[in-house]
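Colleague: Please read through the structure below; I'll follow up with questions.
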Amino acid sequence: MMELAQRLIGRKDSLAVVGLGYVGLPLAVAFAERFDVIGFDVNAEKIERYRNGRDVTGEAGDEAVRASSCRFTSDEAELDRARFLVVAVPTPITNDKCPDLTPVIAASEVVGRHLHRGSAVVYESTVYPGVTENLCAPILERESGLRCGADFKIAYSPERINPGDRVHRLRTIQKIVSGMDRDTLDTVAEVYGQIIEAGVYRAESILVAEAAKVVENSQRDLNIAFMNELAMAFDKMGIDTQSVIRAMNTKWNALGFTPGLVGGHCIGVDPYYFLYRAEQLGYHSQIISAGRRVNDGMSGFVADKIVRELIRADKKVKGARVAVLGITFKENCGDVRNTRVVDIVRELEEIGIEVTLVDPVADGEAALREYGIALSPLEAVREADAVVAAVAHDCFRSLSLGGIASMQRGRPVLIDVKGAFGREEAEQRGFCYWRL
């Protein structure tokens, strides 16, 4: 296998990245600086945009995509030239909170049809422990007619992309790598080591690497759930949660977590992969499942507070106009996958509130395609009864309280989910103000 790494470095063999989203695109662009790279995605429209130098994810940047030597294609026949293949497709959850492995299964079938002897297949998609070896490998064998271990090797290297983060990037985050045997591990470590400045961590097995991925996000989910539970309790006590957090953070061992809506493709999804596998084996989690219940319920809690603040401002609820600022799952990121803001919008609409959603950062096409929501420009917000600052984009943080008040009629109402604006100033200006 180590010979394969040298052939890749010498550009005698090609490397392919299958799935060019938030994970795969920056990976393909980075690999293309050192190797001959094929970037494959089934979305022909997306491929055309990459060819035209437009980064639809915002993770690599238009300039890097334009300058990249990566051969972007939606033609799976191009994968015939690859000997080192990285699968980086999304792995979401179903409506009943079960792992949806459809994308990784489909990608395995595509890769299997173009697999050759002496090749290595590395999975980056988030899965529960055992999927790579027990589900993906048999698919590769079936489609290729080759034997795993004898004719080709498999490995797992969990993605650690943090969409929108300009500090913790692909190259600066230590990469976990694993392989089905020592030779494969050495090869995968050598290949990734060419682009990861922070270095690689060699996990003892594929199972360990798979588990590390779901656990690192589950622990964040739990800590946020703890802060959300505190926020709901403090709300009943009449205590400002943000003030408590500032006081608590003066201690050296404070963890720095804050309450909020938990969405996206990692924290709000990965725990369900762990729960699913644990329950298959007869273990029913109490702590992780409880954390999920708390975080999944926060949209309803926020929607209820919006209604209560409208009432406190002596405004009619049914027929009220509410402007929601932000639809993405996190600040300064265009990703709308698994955003919990949509749940707030749906709950408000169900009781007859008219919602205008504004987000200049978000992927508007994705919002319309996935949720049927058309985004409006900020200038369209007029005569609103309340403004909900749902996502703390920099462009929203730069708004003045006077500007927010001017968008409204009657007594201004501000639901400041992330505490981006000052409570004291808002209340001095006459706002009905609430923050999580």
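The values are calculated or read from the model by the stated rules, or taken from the named source; none is laboratory data. Computed from a prediction, not measured in an experiment: that's the story for all the values here. Cβ atoms come from the backbone with ideal geometry, glycine included; neighbour counts cover every protein chain shown. The area values use the complete protein model at the heavy-atom level, side chains included, leaving out ligands, DNA and RNA. Shrake-Rupley method; radii C 1.70, N 1.55, O 1.52, S 1.80 Å.
Colleague: Who wins for biggest fluctuation among Gly21, Gly145, Gly419 in a Gaussian network model of the chain, springs between alpha carbons below 10 Å?
Modeller: Per the Cα network of the chain with a 10 Å cutoff, Gly145 tops the list.
Colleague: Here is a follow-up. Let me make sure I get this right: for region 344-421, a, b and c are the square roots of the gyration tensor eigenvalues over alpha carbons, sorted descending. Under 1.5 in a/c it's rounded, otherwise prolate if a/b > b/c, else oblate. Which is it?
Modeller: Taking the square roots of the gyration eigenvalues as a ≥ b ≥ c, region 344-421 is oblate.
Colleague: Give me the distance in nm between label points sitting 7 Å out from Cα along the Cα-to-Cβ direction at Asn253 and Arg113, one decimal.
Modeller: Computed distance between label sites Asn253 and Arg113 equals 5.6 nm.
Colleague: Over its Cα atoms, what ratio of radius of gyration to 2.2 N^0.38 Å does region 300-436 give?
Modeller: 0.95
Colleague: Taking every DSSP beta bridge that has both residues in region 1-147, what percent is antiparallel when rounded to the nearest 5?
Modeller: Antiparallel bridges make up about 5 percent of those DSSP assigns within region 1-147.
Colleague: Using Cα-Cα distances under 8 Å and only pairs 6 or more residues apart, what relative contact order does region 318-372 have, in percent?
Modeller: Over region 318-372, the number comes to 46 percent.
Colleague: Give me the percent relative contact order of the chain, please, defined on Cα pairs under 8 angstrom at least 6 residues apart.
Modeller: 10 percent
Colleague: Solvent-accessible area of Tyr433, probe 1.4 Å, all protein chains present, reported in Å² to the nearest ten, please.
Modeller: Surface open to solvent at Tyr433 totals about 10 Å².
Colleague: State the number of lysine pairs found in region 297-436 whose Cα atoms come within less than 18 Å, restricting to pairs 8 or more positions apart or on distinct chains.
Modeller: Pairs that pass both the separation and distance tests number 5.
Colleague: Here's another thing I want to ask about it. Using alpha carbon coordinates only, what is the Rg to Rh ratio of the chain, with Rh defined as the Kirkwood radius?
Modeller: 1.02
Colleague: Also: Using alpha-carbon positions, what is the distance between the centroids of region 250-322 and region 96-128, in Å?
Modeller: Taking the Cα centre of each part, region 250-322 and region 96-128 sit 30 Å apart.
Colleague: Something else: Looking at the chain only, what percent of DSSP beta bridges run antiparallel? Nearest 5 please.
Modeller: 5 percent
Colleague: With a 1.4 Å probe and all protein chains in place, put Glu347, Glu424 in order of accessible area, largest first.
Modeller: Glu424, Glu347
Colleague: In straight Cα distance, which lysines are under 20 Å from Lys97, not counting same-chain residues fewer than 8 positions off?
Modeller: Counting by Cα, and skipping residues close in sequence, Lys97 has these lysines nearby: Lys213.
Colleague: For region 160-288, just say rounded, prolate or oblate: build the C-alpha gyration tensor, square-root its eigenvalues into a ≥ b ≥ c, call rounded for a/c under 1.5, and beyond that prolate if a/b exceeds b/c, oblate if not.
Modeller: oblate
Colleague: Can you give the charge dipole size of region 270-352 about its Cα centre, rounded to the nearest 20 debye, using +1 on the beta carbon of Lys and Arg and -1 on the beta carbon of Asp and Glu?
Modeller: 240 debye
Colleague: Given the protein chains as shown and a 1.4 Å probe, how many square angstrom of Val317 are accessible, to the nearest 10?
Modeller: 30 Å²
Colleague: Under the rule of -39500 (n - 2.57) per DSSP H run of 4 or more residues, summed and divided by the residues of the chain, what mean residue ellipticity at 222 nm is obtained, to the nearest 500 deg cm²/dmol?
Modeller: So the calculated ellipticity at 222 nm is -11500 deg cm²/dmol.
Colleague: Heavy atoms of the protein only, probe of 1.4 Å, neighbouring chains included. What is the accessible area of Thr258 in Å², nearest 10?
Modeller: Near enough 50 Å² of accessible area.
Colleague: Take Arg83, Arg346 and sort them by solvent-accessible surface of the protein heavy atoms, 1.4 Å probe, largest at the top.
Modeller: In descending accessible area the options line up as Arg346, Arg83.
Colleague: I would also like to ask the following. For the chain, report the accessible area per residue in Å² (1.4 Å probe, heavy atoms, rounded to an integer).
Modeller: Ligands and nucleic acids excluded, the figure is 43 Å² per residue.
Colleague: Could I ask something else about it? If each Cα of region 16-62 is one equal point scatterer, what is log10 of I(q)/I(0) from the Debye formula at q = 0.20, 0.23 Å⁻¹?
Modeller: -0.56, -0.75
Colleague: Moving on. Treating the angle as unsigned and between 0 and 90°, give the value, to the nearest 10°, between the Cα long axis of helix 102-113 and the longest Cα principal axis of the chain.
Modeller: Its long axis makes an angle of about 20 degrees.
Colleague: Sort Lys236, Lys315, Lys97 by heavy-atom solvent-accessible area, probe 1.4 angstrom, most to least.
Modeller: Lys236, Lys97, Lys315
Colleague: Considering only protein heavy atoms and a probe of 1.4 Å, how much of the accessible area of the chain is carbon and sulfur, as a whole percent?
Modeller: Roughly 49 percent, rounded to a whole number.
Colleague: I need the shape label for region 145-225. Rule: rounded when a/c is under 1.5, else prolate if a/b > b/c, else oblate, with a, b, c from the alpha carbon gyration tensor.
Modeller: The shape class here is oblate.
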